[in-house]
1. Take the alpha carbon gyration tensor of the range 382-432, find the square roots of its eigenvalues, order them as a ≥ b ≥ c, and report rounded if a/c is under 1.5; if not, report prolate when a/b exceeds b/c, else oblate.
2. Evaluate E = 1/(1 + (r/R0)^6) for Ala187 and Glu132, where r is the Cβ-Cβ distance and R0 equals 41 Å; express this FRET efficiency to the nearest 0.05.
3. Please order Phe372, Phe105, Phe326 by the number of other Cβ within 10 Å, starting at the fewest.
4. Provide the gained length on full extension for the span His140 to Thr114, in nm with one decimal, where the gain is 0.36 nm per separating residue minus the Cα-Cα distance.
5. Filter the cross-link list Lys174/Lys402; Lys319/Lys392; Lys174/Lys319; Lys193/Lys289; Lys128/Lys193; Lys174/Lys356 down to pairs whose alpha-carbon distance in this structure exceeds 21 Å.
6. What residues from the range 311-352 fall in the zone where the backbone N is under 18 Å from a label point 7 Å along the Cα-to-C-beta line of Glu386?
7. With only Lys, Arg, Asp and Glu charged, each at its Cβ (+1 for the first two, -1 for the last two), find how big the charge dipole of the range 315-443 is about the Cα centre; round to the nearest 20 debye.
8. Summing +1 for each Lys or Arg and -1 for each Asp or Glu, what net charge is found among the other residues whose Cβ lies under 13 Å from the Cβ of Thr194?
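Read the figures in this text as sums done on the coordinates, not as results from a lab. Bear in mind that the values here come from a model prediction, so they are computed numbers and not experimental data. Virtual Cβ from ideal backbone geometry, glycine too; neighbours counted across all protein chains shown.
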Amino acid sequence: MAPTHGQHGQSYGLVTKTEPEGSSTPDTSTPPTTRASTHGQHGQNYGLVSKTEPKSSPEPATPGTPPSAQGQHGQSYGLVSETESKSSTSPVNIVFVGAGAVGCFYASRLHHPTHNVHVSLIARSNYKPLVENGVKMQTHTFGDYTFTPAAVYPSVPAAASSSREWDYVVVTTKALPDRTDDSSLIAPLIGAKTTIVLIQNGVGVEEQYRRRFPNSPIISAVTVISAEQTSPGTIRQNRWTRVHMGPYTDSASMGEIRSGAAETTGVIDAVGSSNVHIDLGRRGTEAVKRLADWMGQLGGIRDAEVTDEIGLQTIRWHKLCINAAFNPSSVLSGGIGNADMVMDPELRLHLAGVMKEIWDAAPKILGRDDPFQGLAGPEKILKSTERNKGSKPSMLLDWEAKRPLEIEVILGNPVRIARARGVELPRMQSLYALLRSAQGLREKGVKGKL
């Protein structure tokens, strides 16, 4: 992705060559609907892991507990802030599905056993080092510290069979609905009181979860963070901490729906129902406020921001302007990075055209006049990308590593959702068709030019 800049020159981050998750995201000024959560008085950092952190239940492996959470110069971050504590009166159990860079960073900021907030991880390739040593955090914002989760599980079934009942299940894996149904994967974790949190790229990521869990509150989240796992169990946060969160009930149905709208083959039908889920919205709003309070007051994340449902989807679609333009184009152009693409006259015109196509369609898709008002426009995004020399979009990194691409949530779903509202996105549809074909041929072993 390419970087963007807000109204006052602040920079919103990009994917670097080493970033594995594709989730450092250029996002811009907060839309008018967004309100910030409560934060510390002077931006002070709040506590991480204490000496007295309770051990986990015997079912999962329990990482070793560090003496304390230490900053870059050895200072300890206290567990009680100067502001009013947001401790829970009863234990809150949170599990992160996906122990990559983004997941571990936000998990480490939420985990506060002395405030009754207990965070566990479900890890795969990095399970062993996390069990043995915890998560070594090297952060630009909070210094260096070790995050010791309440428990580390090797799989979803292991977490589901533990004695814990999960209040929040946070999904931070790549969104690949054409490959796996992650809603089915997390089903054993979901109980009557569970809130599902989706920290994933693209649009339409929530739909499969809503269909499988019609009565569960869902929080949709978009991050602005540059982070990477430099080695198994070691996470480096390079810059930014922002996370936008909002409830999700049935956003796929919002906006005008044209009867009989044509569909391409794909993952979601994007039509949905026209029902307004008042109770789900209320429960989701309450859950997202609690989560933002814990992130802000306990975790020291001063830009954990809460918005309404359409406000959050607006942020997703604005981020899509950058993702949908830069990610597939970097692959289809033969492996060109962000800055090199915008310096090529024809590619620059192409990138601007893709972003403008989404920009022009957004009012009808989102059901609001000028939904991107106050956010960086295509030309500002392109201009700022000129300085982002050496960086590569996350999709290009995945292509080079022969990993599956997030084609559906970045290209396919937007095309289908727009079409269901009577809007065609021809540039996006072309990128979708070409990239799907390229990936399909490669997976069949057909040698191509890319």
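1. Numbers: a/c = 3.53, a/b = 1.54, b/c = 2.30.
It comes out oblate by the Cα gyration axes.
2. Calculated transfer efficiency: 0.85.
3. Going from least to most buried by this count: Phe372, Phe105, Phe326.
4. 6.9 nm
5. Numbers: Lys174/Lys402 14 Å; Lys319/Lys392 16 Å; Lys174/Lys319 16 Å; Lys193/Lys289 16 Å; Lys128/Lys193 30 Å; Lys174/Lys356 26 Å.
Exceeds cut-off: Lys128/Lys193; Lys174/Lys356.
6. Taking a point 7 Å out along Cα→Cβ of Glu386, the residues of the range 311-352 whose backbone N falls under 18 Å are 337-352.
7. 240 debye
8. +2
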